[in-house]
1. In the stretch 19-44, which residues are within 9 Å of the chain's Cα centre (by Cα) and without any contact (Cβ under 8 Å) to a residue 24 or more places away in the chain?
2. Looking at the stretch 1-44 only, could you name the residues that are within 18 Å of Leu68 (Cα to Cα) and part of a loop (DSSP other than H, G, I, E, B)?
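Every number in this text was worked out from the coordinates using simple rules, so none of it is lab data. Predicted, not measured: the structure shown is a model, and the values here were computed from it. Reconstructed Cβ throughout: ideal geometry from the backbone, glycine too, with neighbour counts over all protein chains shown.
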Amino acid sequence: MNSNNNPLKDKSYSFALLIIKTYKSIIVDNREYVLSKQLLRSGTSIGANIEEANRAESKMISSTNYLLQTKRLGKQNIGSVFFGIRKP
């Protein structure tokens, strides 16, 4: 995916794809529906919020949204390690 040289957008897209694959795997292998649904919502909302930040009316709002999404992505990565989705 080429998103006009926006590495954060590219990484969030790749991360969302990983989350979707993980969600499907958790449902099939573990038959776990509540936690997996939350993982899906959290992991894919990052990209949606970045899109919203790109469409923000002011640079200050956009910068704040990017900062919040960067923090959320960090927390999501910690959760991925905790649940064994990826290695630390």
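1. Leu40, Arg41
2. Passing the criteria: only Asn6.
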